[in-house]
Amino acid sequence: MEGPLLGSDEASAFHADGFVPVTRLIPDDVVAPLRERFDRIFRGEFETGIAPDEVNWQEGSGDPTLTRQVCNGWRADHLVASIVLSPVLGHALAALAGWSGARIIQDNLLWKPPGARSVGFHRDNAYLAWYRPQEMVTCWIALDATSADGGTVEFARGSHRWATGDDPPMEFHAPVDHRAPMEAAAASEGVVPDQVPVEVPAGGGSFHHGWTWHGSGPNLSDVHRRVLVLHCASSGARFNREGFGVGNGPVYSRYAHDGDDVMDEAHFPILWRDDGYRTPGLDSLTDPL
Ligand SMILES: O=C(O)CCC(=O)C(=O)O
């Protein structure tokens, strides 16, 4: 189950811990251009003329103490799309998940400037009842060197094996106690959580399992913390109408067809499949990896 980018030790660490940090995911020469795309997107300048699916922060109107967030920036910007829709990352995610292929569900552009507040702990799979199989694996790419003080992402080691059930509604932006839901889950599990911060250079990052508890503290450093995140599902995923009203179903069920459960590849492209298939048109993007 080794894919590109990861050796067998790293794949084993992912399966044991529910995450694995990686020092190099994207080449150095795309880091600065990607940061510049973040500037543009958070100013509302969309290269393709298409708005991202979720724009939760914009220059001028966004709360300066919150982590800036845009979801599906790949629709708005070709350079962001070239990373988010990369076959290399899709293959790596499919291999970790044990899927025959990977499709993009959502990207996240997150920007936590110095002084910005926390991101609440959550588990990605808990909010995905709107498709089946209800699974996601994630690649988190740092565009700045990250540190515990700088509010990097933290994972609770081994928490992908904890009981799954009804998680509380996600409080992503600056909850009062960002670790509280994870600590409650650890207490139910009868374990003391082991929180591991991902400290990597710019261009590095991590992979995590969809049931791993994760979140991040405030940025107490003087360094910006920008990350580009890819959330993938199995290439065989189908919509599940019973879940359209929960989690982020209300946002993404807008792409469902009346009368079938197909996840349209125009909106959820297949990045890599083990039979060589890739959604037509994606290869017109330059692949920087
Ligand atoms: O970077 C963070 O603070 C949170 C990231 C996250 O929730 C994710 O990658 O799934």
**Prompt:** Which pairs do you get when a residue that is among the acidic types (Asp, Glu), found in the range 133-153, comes within reach of a residue that is part of a strand (DSSP E or B) and away from the ligand (no atom under 11 Å from the Cβ), reach meaning Cβ atoms under 7 angstrom, with the pair 6+ apart or on two chains?
**Reply:** Glu135/Ala233; Glu135/Ser234
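Select from the range 109-161 the residues that are part of a loop (DSSP other than H, G, I, E, B) and out of contact with any Ser or Thr (no Cβ under 8 Å at 6 or more places or on another chain) and list them in ascending order.
To start, the set of residues in the range 109-161 that are part of a loop (DSSP other than H, G, I, E, B) comprises 113-118, 123, 128-130, 133-136, 143-152, 157-158.
Passing the criteria: Pro113, Leu128, Ala129, Gln134, Met136, Leu143, Asp144, Ala145, Ala148, Arg157, Gly158.
Restricting to the range 244-289, name every residue that is part of a helix (DSSP H, G or I) and exposed (fewer than 15 other Cβ atoms within 10 Å of the Cβ).
Within the range 244-289, Pro250, Val251, Arg254, Tyr255, Asp283, Ser284 qualify.
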**Long-range neighbours under 9 Å by Cβ, at least six apart or interchain, first residue farther than 9 Å from Gly158 by Cα within the range 10-23, second polar (S, T, N, Q) and in a strand (DSSP E or B)** = Val20/Ser206; Pro21/Ser206; Val22/Ser206
**Item:** Positions within the range 213-243 being more than 16 Å from the ligand (Cβ to nearest atom), buried (at least 23 other Cβ atoms within 10 Å of the Cβ) and among the hydrophobic types (A, V, I, L, M, F, W, C), in sequence order
**Value:** Ala237
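Could you please find all residues in the range 191-212 being part of a loop (DSSP other than H, G, I, E, B) and near the ligand (Cβ under 10 Å from one of its atoms)?
So the first thing to find is which residues in the range 191-212 are part of a loop (DSSP other than H, G, I, E, B), and the list is 191-194, 198-204, 210-212.
Passing the criteria: Val198, Gly210, Thr212.
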**Message:** Restricting to the range 155-173, and then to whatever is surrounded by fewer than 23 Cβ atoms within 10 Å (Cβ to Cβ) and within 11 Å of the ligand (Cβ to nearest atom), can you tell me which residue is modelled with the highest pLDDT?
**Reply:** His173
**Request:** Among the residues of the range 88-108, write down those that are outside any strand (DSSP E or B) and out of contact with any Ser or Thr (no Cβ under 6 Å at 6 or more places or on another chain).
**Result:** Val88, Leu89, Gly90, His91, Ala92, Leu93, Ala94, Ala95, Leu96, Ala97, Gly98, Ser100
**Asked** Looking at the range 110-154, which of the residues that are hydrophobic (A, V, I, L, M, F, W, C) and more than 13 Å from the ligand (Cβ to nearest atom) is surrounded by the most Cβ atoms within 10 Å (Cβ to Cβ)?
**Response** Trp130
**Complete:** Cβ pairs under 7 Å, 6+ apart or interchain, first in the range 116-129 and more than 24 Å from Asp63 (Cα to Cα), second near the ligand (Cβ under 10 Å from one of its atoms) and modelled with pLDDT under 95, ordered by first then second residue, are Tyr127/Met170
**Prompt:** Across the range 1-52, what is the number of residues that are more than 25 Å from Val70 (Cα to Cα) and among the polar types (S, T, N, Q)?
**Reply:** 2
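The values are calculated or read from the model by the stated rules, or taken from the named source; none is laboratory data. As the structure is a prediction and not an experimental result, all values here were calculated from the model. With ideal geometry, Cβ positions are generated from the backbone for all residues, glycine too; neighbour counts draw on all protein chains shown.
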